[in-house]
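Peer 1: Take a look at the following structure, please.
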Number of protein chains: 2
Amino acid sequence: MNLAPNPAFRSDSAASLLRAEILSGATAPGALLAESAVAKRLGVSRVPVREALFALEREGLVEFSPTGRAIVKALTPQDFEELFVLRLALEPLASRLAAPALKVDISRFEKNLSATRRARSVQEVTRLDLEFHQLILEASGNVRLLKLWRSLRGELELWLGRLHRSHQLQTKETLNETVDAHQSIVEAFRSHLPQPANA
Amino acid sequence: MNLAPNPAFRSDSAASLLRAEILSGATAPGALLAESAVAKRLGVSRVPVREALFALEREGLVEFSPTGRAIVKALTPQDFEELFVLRLALEPLASRLAAPALKVDISRFEKNLSATRRARSVQEVTRLDLEFHQLILEASGNVRLLKLWRSLRGELELWLGRLHRSHQLQTKETLNETVDAHQSIVEAFRSHLPQPANA
DNA sequence: CGTATTGAAACGGTATACCGAATGAACCTC
DNA sequence: GAGGTTCATTCGGTATACCGTTTCAATACG
């Protein structure tokens with residue numbers, strides 16, 4: 001029997017830990033992530049830490065100084081503008097691609113939608129919103145498009161987390177707008193689908 | 001005095017060499033790029049080779065097997081379709097962003113355009129075409145958009161190179177279509193620009 | 001003849017060590 | 001006291017070594 005092909009690489013573990021720390025705000029924006037220090041703290045050598053930092057850079061959570069130092073990304077309002085423009089281009093594109101070719105269960109969308117209706121915190125809404133759009137991206141069938149979107153998702157989560165911690169997100173509006181928008185997308189998908197034979 | 005901040009890292013050199021080999025077709029699609037072998041061939045250790053391979057993966061020239069082996073990407077027609085769809089989404093977006101905010105010299109575009117008119121090989125046309133669009137991406141001011149596009153550029157070059165080597169590109173049509181399209185884009189930019197005060 | 005087994009070679013993930021460059025603070029100069 | 005210099009420390013880039021896993025071909029088995 002084949003074992004799992006990936007018996008928990010240390011670099012993946014390191015990336016997960018650092019990712020959680022950054023998204024939770026435990027490590028401040030602009031903070032230096034020195035390889036040696038992180039390695040000692042996580043109990044591994046510098047090599048897997050190095051790879052974890054590269055991975056986090058691809059996710060947009062970390063950036064490198066010209067001399068190769070890894071620092072926690074500090075987002076500016078202009079960064080948010082850029083991300084918003086790109087979401088507004090990529091996500092509708094994914095919808096157009098997914099609509100005629102949708103092969104996966106529409107039930108996954110409905111499940112997400114009802115979970116969003118039951119959501120009780122703004123973090124939950126934003127998390128489910130991102131998940132909803134990721135479902136669209138996956139259904140688009142364009143793996144490169146999904147990759148591009150993923151490379152933005154980390155930064156979006158980073159930004160939303162910081163906004164939330166500074167109490168600049170309003171729950172009620174976010175929830176209603178999100179549910180309405182998702183509802184209409186699901187309807188559009190349903191109208192393009194062949195009639196389901198049964199439950 | 002400050003020296004250049006980057007005195008030619010071995011990992012960059014390794015990436016450049018491997019990139020050239022892959023784009024020229026010297027290393028066949030699907031070929032294994034074993035770290036040890038490449039390291040010995042280039043006269044460096046495995047570490048910089050490793051980083052070079054990661055960089056090439058971001059560029060889409062290399063992909064990793066589930067067990068971590070790096071292989072030269074083998075493109076399918078579906079891959080080309082995906083790339084085409086994304087170009088068709090990203091490049092017009094960049095044009096729309098660049099048109100009102102264009103700050104850089106329009107002369108750079110004109111220089112590229114006239115070089116394209118003088119081009120005498122299909123490789124030259126495709127290279128100048130990619131460069132033209134990269135100028136637009138840079139003028140858009142959206143650095144994330146430029147990054148996304150860059151991550152596709154490598155794969156496009158890979159594909160075009162292979163098409164060319166199998167004689168599936170026609171020079172004449174490509175040239176005329178490219179020049180016409182670029183011409184109209186430059187005109188659009190010009191009409192949105194303030195009148196130049198002088199030369 | 002096709003299929004399972006096994007064993008050696010190859011490969012990737014990680015640890016450790018070394019080195020030059022970058023950094024920042026104490027020090028000196030004016 | 002402000003600005004430049006020096007020097008010890010820190011940090012990243014690279015080389016080398018070790019180990020478990022994967023791979024693949026030779027071999028044994030049906």
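Read the figures in this text as sums done on the coordinates, not as results from a lab. If you're wondering where the values come from, they're calculated on a predicted model, not measured in any experiment. Glycine gets a Cβ as well: all are built from the backbone with ideal geometry, and neighbour counts include every protein chain shown.
Peer 1: For residue B:80 and residue B:105, calculate 0.36 nm times their separation in residues minus their Cα-Cα distance, and state this gained length in nm to one decimal. Intermediate results must be reported in sequence, preceding the final value.
Peer 2: Numbers: separation 25, 0.36 × 25 = 9.00 nm, distance 3.23 nm.
Extra length from residue B:80 to residue B:105 when fully extended: 5.8 nm.
Peer 1: Determine the shielding of peptide B:139-147 by partner chains: average, over its residues, the number of Cβ atoms on other chains within 10 angstrom of each Cβ.
Peer 2: 4
Peer 1: Can you give me the relative contact order of the range B:10-72 as a percent, contacts being Cα pairs under 8 Å and 6 or more apart?
Peer 2: In percent, rounded to a whole number, it is 43.
Peer 1: Measuring from centroid to centroid over Cα atoms, what is the spacing of the range A:55-117 and the range A:120-136 in Å?
Peer 2: 11
Peer 1: Sticking with this one: If the reach is capped at under 18 angstrom between alpha carbons, list the aspartates and glutamates near residue A:40, excluding any in the same chain fewer than eight residues apart.
Peer 2: Result set, ordered by chain and number: A:12, A:21, A:51.
Peer 1: Then there's this: Could you calculate the FRET efficiency of residue A:87 with residue B:183 from 1/(1 + (r/R0)^6), where r is the beta carbon distance between them and R0 is 35 Å, rounded to 0.05?
Peer 2: The value I calculate is 0.65.
Peer 1: For chain B, take the longest principal axis of its alpha carbons; what is the angle in degrees between that and the long axis of helix B:171-192, to the nearest 10 within 0 to 90?
Peer 2: 50
Peer 1: Moving to a separate point now. Percent relative contact order of chain B, based on C-alpha pairs within less than 8 angstrom and at least six residues apart?
Peer 2: That works out to 23 percent.
Peer 1: Then there is this: Shape verdict for the range A:10-72, please, from the Cα gyration tensor: rounded (a/c under 1.5), prolate (a/b greater than b/c) or oblate.
Peer 2: rounded
Peer 1: Of B:49, A:44, how do they rank once you tally other Cβ atoms within 10 Å and put the fewest first?
Peer 2: A:44, B:49
Peer 1: Right, here's the next one. What shape does the range A:77-192 have by the C-alpha gyration tensor, where a ≥ b ≥ c are the square roots of the eigenvalues, rounded means a/c under 1.5, and otherwise prolate means a/b greater than b/c and oblate the rest?
Peer 2: On the way: a/c = 2.17, a/b = 1.27, b/c = 1.70.
Verdict is oblate for the range A:77-192.
Peer 1: Between residue B:64 and residue A:114, how many nm apart are label points set 7 Å from Cα along the C-beta direction?
Peer 2: Between residue B:64 and residue A:114, the simple spin-label model gives 3.9 nm.
Peer 1: With a sphere of radius 12 Å drawn around the Cβ of residue B:87, what net charge do the other residues whose Cβ falls strictly inside it have (Lys, Arg +1; Asp, Glu -1)?
Peer 2: Result for the local shell: -3.
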